[in-house]
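A short worksheet on the structure shown next.
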Amino acid sequence: MNLGENPFHELDIIGNNGNMEYPNVIEVSNDSQSFERTLVHEIAHQWFYYMVSNDPHKDAWLDEGLTEFVTSIYLTEKYNESIGFEFASNLSQISPTSDIVNIPLNEFERGEYVPTVYGKTPILLRDFFNDHGGQVGALHFLSEYFNTYKFKYVDSKIFADFLKEYFEEDNSEFLEKWLELE
Ligand SMILES: [Zn+2]
């Protein structure tokens, strides 16, 4: 899986159950159940959060949602889709989610943030890319997106415009079902 070149030569990994990302440093889980998913997720944040940056309060889906999406793709490639998307799919099915994904964190109804951003968002993207080149197509799209916005700052509108331009089609109807773009 290749999302684009990471120019940094060092990534420090701390197994302290922190489950948190920083530039060139990640804190991962130390329990064997969730170790791999967390490790892949926190590494992927170097691409989506650090090298391509966004406001994590207003557009959390752009870092957490995209990161969880590529984590699910990685685990699908390694195992299979039901394992790869198990976490996202359980979250989005078991718990209530918000219709609109890009609302500020303090505007989510209680308990809806995690299922919406880590659950519903990767599933929405998976279903979209099922009709747009599958997971290979998704990775190609994400690496183009990464290379275009590397060391830049993005928001939901920039992502939406990039997607429409990339596929040369008006995906407004799909995008506006879950993104507020005004
Ligand atoms: Zn994360």
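We did not get these values from a lab; they are worked out from the coordinates using the rules stated. Since this is a predicted model, take the numbers as computed values, not measurements. Note that we place each Cβ from the backbone using ideal geometry, even for glycine, and neighbour counts take in every protein chain shown.
Annotations
- Across segment 47-176, C-alpha contacts under 8 Å between residues 6 or more apart give a mean separation that, scaled by the residue count, equals a relative contact order of 30 percent.
- Residue order for Met51, Met20, fewest other beta carbons within 10 angstrom first, comes to Met20, Met51.
- Taking 19 Å as the limit for the C-alpha separation, the pairs Lys58/Lys177; Lys120/Lys164; Lys78/Lys120 exceed it in the case of Lys120/Lys164; Lys78/Lys120.
- In terms of surrounding Cβ atoms within a 10 Å radius of their Cβ, Phe129, Phe35 rank from fewest to most as Phe35, Phe129.
- This ranking places Ile26, Ile43 by how few other beta-carbon atoms lie within 10 Å of each, fewest first, which gives Ile43, Ile26.
- Segment 40-182 gives an Rg/Rh value of 0.93, both radii derived from C-alpha positions and Rh following Kirkwood.
- Burial order of peptide ranges 140-149, 3-12, 68-77, 98-107 (average beta-carbon count within 10 Å, highest first): 68-77, 140-149, 98-107, 3-12
- At an R0 of 35 angstrom, the distance between the Cβ atoms of Asp31 and Leu105 translates into a FRET efficiency of 0.85.
- Distance between the 7 Å Cα→Cβ label points at Glu144 and Ser172: 2.1 nm.
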